[in-house]
Amino acid sequence: MKKLTLLFLLGVCFCSCSTKLRPVKVIDGKLMGVLPLKDGKVTYIVTETVNNASDLELFRQTRRWAAFRVASPSDVFKLGDAVTKDVIGSGYFNGIFLNKGSYAGPLGNYVVTVECNQGAYRATLSNFRIDHLITKTGVNNQVSGYAIEAGTQLYNDKLVVEYFKAIDRNVQSLLASLKEFVNENAATNIPSAQR
């Protein structure tokens with residue numbers, strides 16, 4: 001009988017600790033009206049023109065940018081393709097913001113690809129996953145890495161929107177840093193032999 005009672009209590013604890021997700025709304029083609037969706041997945045796609053830059057120079061500069069900005073630069077160099085001029089990697093985001101005197105927000109990761117062509121590149125950030133949620137009470141380590149589109153553990157839509165806005169600011173900042181780095185460094189156009 002004691003074993004049965006113990007087993008029952010363990011089962012209750014296990015069930016109450018499992019991650020339960022609540023669906024999030026799609027408003028105007030965006031998750032909660034904030035994060036852009038493509039084919040049901042949060043995806044950012046930006047195409048930038050860089051005048052007089054070859055595909056090789058753009059590839060070189062995006063790889064250099066990735067070496068400073070992505071989670072594992074060595075993966076970029078393994079996955080990048082000098083023939084197609086594609087840079088592929090993963091990065092971390094933090095959607096941390098100040099909420100009523102304490103920090104809150106999601107921590108997670110994404111996949112970034114940058115395709116380089118003559119005079120332009122296209123950056124795509126996708127496969128966003130939430131790893132942890134920071135709340136007033138601390139880090140929620142019960143989050144086990146779920147796709148951001150799968151739902152949320154939060155029951156306050158206003159807070160979900162704030163979390164998503166923080167992620168959006170982080171992504172916009174990342175894309176702006178890519179644009180600035182590539183434009184600044186491709187513009188110098190120093191021949192490879194002189195670098």
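When residue 49 is tested against (1) hydroxyl-bearing (Ser, Thr, Tyr); (2) at pLDDT below 70; (3) surrounded by fewer than 14 Cβ atoms within 10 Å (Cβ to Cβ), just one condition goes unmet, and that condition is (2). Look through 140, 183 and report the one residue that is modelled with pLDDT of 90 or more and surrounded by 10 or more Cβ atoms within 10 Å (Cβ to Cβ). Residue meeting the stated conditions: 183.
Does residue 158 satisfy the condition of being buried (at least 16 other Cβ atoms within 10 Å of the Cβ), of a type in the set (D, E, K, R) and part of a helix (DSSP H, G or I)? No: the conditions fail for residue 158. Would you mind stating whether residue 127 is under 18 Å from residue 35 (Cα atoms) and either modelled with pLDDT of 85 or more or surrounded by 16 or more Cβ atoms within 10 Å (Cβ to Cβ) (or both)? It is true that residue 127 is under 18 Å from residue 35 (Cα atoms) and either modelled with pLDDT of 85 or more or surrounded by 16 or more Cβ atoms within 10 Å (Cβ to Cβ) (or both). Restrict the check to region 108-120 and report whether at least one residue is surrounded by 13 or more Cβ atoms within 10 Å (Cβ to Cβ), acidic (Asp, Glu), closer than 16 Å to residue 70 by Cβ and modelled with pLDDT of 80 or more. So far as region 108-120 goes, yes, one or more of its residues are surrounded by 13 or more Cβ atoms within 10 Å (Cβ to Cβ), acidic (Asp, Glu), closer than 16 Å to residue 70 by Cβ and modelled with pLDDT of 80 or more.
From the residues in region 52-70 that are buried (at least 21 other Cβ atoms within 10 Å of the Cβ) and hydrophobic (A, V, I, L, M, F, W, C), which one is farthest from residue 109 (Cα to Cα)? Only one residue tops the list, namely 53.
The values are calculated or read from the model by the stated rules, or taken from the named source; none is laboratory data. Model, not experiment: these values are computed from the prediction. Cβ: placed from backbone, ideal geometry, glycine included. Neighbour counts: every protein chain shown.
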